[in-house]
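Let me begin by presenting the structure, written as structure tokens, before commenting on it.
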Amino acid sequence: MQAQNLRYTQFHLTNPIPDENHIENVFEQFITEYKEFRVNVPIGCITDKCSKKQKERIDLSVFCGAGGYLYLYLRIYEFVKGLSPDMQQRCTKGLTDQEFSEFYNPETALQLALRQYQALQAQIKKDTDISFFMSNSTIYLLGAELFYYMKDKENFKKCTMEALINFGTIVAEPEKQEQELLYGIPGYLYTLLRLHKKYSNEQDPYQLDLSSHIHTLCQIICKFSGKGVMKCDFHNRSYFGAAHGILGVIQMLLLSYEQCKEYFHLKDEQGLLEMLDSIQKTLDQLIKLYYQNGNIPSSAQNLNNLKLYQFCHGIPGAIAPLLKAYQIFNKQDYLDAAIHMSENLYKFGMIKKGFGLCHGIPGNSYGFMQLYRLMGNEKHRKYAYQFLQYKKNVYVYNEIKNFPFNDRYMIGVSDQPFSLMIGSVGDMCAMMDFIDYKGMPGYEI
């Protein structure tokens, strides 16, 4: 690796902040972000709330648009409902007594989510996007969750039917779709996995078993990815990473097998064995590339591009599928690689792009949290804490605010500063997951 080039985009965390009061400090930062969000993003907003040098546009996607606002309110509802009274008492910094009572009333977040959904639903138009991150139909997926919480069975059924409409189109002409997570069939598979995980064990009228749908999509994905070492082609490149590459595909296939294992074995044992064998061969090849280079390159056509330490490209998106593969195959090499990657991620993952989950520091924090959940090693929790407190680290935040990232309209400001994947909504989700883990949006169930 060329150290000078790396220093331009990321740096070793040589100036960590005091390592204390993890939960209290992360919650305080979450409240700071949430209050700023509420000031700048009105309830029912349907635009992408971009930086000042752009013109706002209607965008319902959860990636960088108003769908992310709905995702946030539902996530806060889950967060508030899930915290024990003892944990609530630890999570008070930044709240007045009145704000505490309002915030910890689950009905508050639910009503905010309802108002946001109603505004978005009125704007939904049929689109050609299919994935969880990009499609308008994701609003119906989130609507199903909202109406499930509200025990509104009629609207729950309507939303689930709308969320499933794309399935027939995909199966009829899969060759017309992308084969990666951000835009393609694996991204729609995540929508089905989310529905199946939440409702397959429910009672009528909320019961929804999508094993057959999930199996069908996995067959399609495997057909395009190939046998042996799998590929994920996007814009004439074979990408390796999570957003556009084979790591994101493998993550969805592993989640599918984990959720629908019995159905997969009964339906097509030979096809399943081939899929699992291909997954292992592909991960083995990626691990080999990693140990050779200290990172996973962005694509097979650009093996020398090793500077991207972010969820969408590089090792941050590799840790979750490696840990899932370790749990499924019981192969120590996968756990060892994930642990080794975490140390390099701590060295080079405090990237100067800064904000959000897709190519930001909070997105990189998930690798540490994923390891902590499996291993219980306090070191990984401390690593995640340092990353989630990046705005309180003067040394780090000054670098971010002055970094001339060519893909941004304004230096030191995200193009969509209140979005899920490149803004503060994603930061807040990571902070809530630090306190009560639910999984990285769009990547874990």
Dipole check, the chain, charges on Cβ (K,R +1; D,E -1), about Cα centroid: among Ala242, Gly439, Ile165 the Cα furthest to the positive pole belongs to Ala242
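Mean residue ellipticity at 222 nm from the helices of the chain, using -39,500 (n - 2.57) per DSSP H segment of n ≥ 4 over the full residue count, to the nearest 500 deg cm²/dmol?
-18000 deg cm²/dmol
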Note to self: with every protein chain in place and a 1.4 Å probe, the chain gives an accessible area per residue in Å² of 41 Å²
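Net charge near Leu181, counting Lys/Arg +1 and Asp/Glu -1 over other residues with Cβ under 14 Å of its Cβ? Provide the component values of the computation, followed by the final result.
Numbers: positive: Arg194; negative: Asp129, Glu178, Glu180, Asp233, Glu444.
Around Leu181, the surrounding residues sum to -4.
Anything over 18 Å Cα to Cα? Flag those among Lys223/Lys267; Lys324/Lys438; Lys81/Lys438; Lys353/Lys391; Lys158/Lys267; Lys352/Lys379, in the order listed.
Values: Lys223/Lys267 16 Å; Lys324/Lys438 15 Å; Lys81/Lys438 13 Å; Lys353/Lys391 12 Å; Lys158/Lys267 29 Å; Lys352/Lys379 23 Å.
From the list (Lys223/Lys267; Lys324/Lys438; Lys81/Lys438; Lys353/Lys391; Lys158/Lys267; Lys352/Lys379), the Cα-Cα distance tops 18 Å for Lys158/Lys267; Lys352/Lys379.
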Among (1) 1.17; (2) 0.93; (3) 1.28, the entry matching Cα Rg over 2.2 N^0.38 Å as calculated here is (2)
About its Cα centre, the chain carries a charge dipole, from +1 on Lys and Arg Cβ atoms and -1 on Asp and Glu Cβ atoms, whose size in debye to the nearest 20 is 980 debye
Once the dipole of the chain is set up from charges on Cβ (+1 Lys and Arg, -1 Asp and Glu), the residue from the list Pro16, Val396, Cys232 lying farthest towards its positive end is Val396
Once Lys and Arg are counted +1 and Asp and Glu -1 for all other residues with Cβ under 12 Å from that of Leu74, the total becomes +3
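Which of the peptides 167-174, 437-444 is most tightly packed, and how do the rest follow, going by the mean number of other Cβ atoms within 10 Å of each residue?
Values: 167-174: 13.6, 437-444: 20.9.
My ranking of the peptides, most packed first, is 437-444, 167-174.
The values are calculated or read from the model by the stated rules, or taken from the named source; none is laboratory data. Being a predicted model, the structure only gives us computed values, none of them experimental. Counting neighbours? That spans all protein chains shown, and the Cβs are built from the backbone with ideal geometry, glycine included. Calculation scope for accessible area: heavy atoms of the full protein, side chains included, ligands and nucleic acids excluded. Shrake-Rupley method; radii C 1.70, N 1.55, O 1.52, S 1.80 Å.
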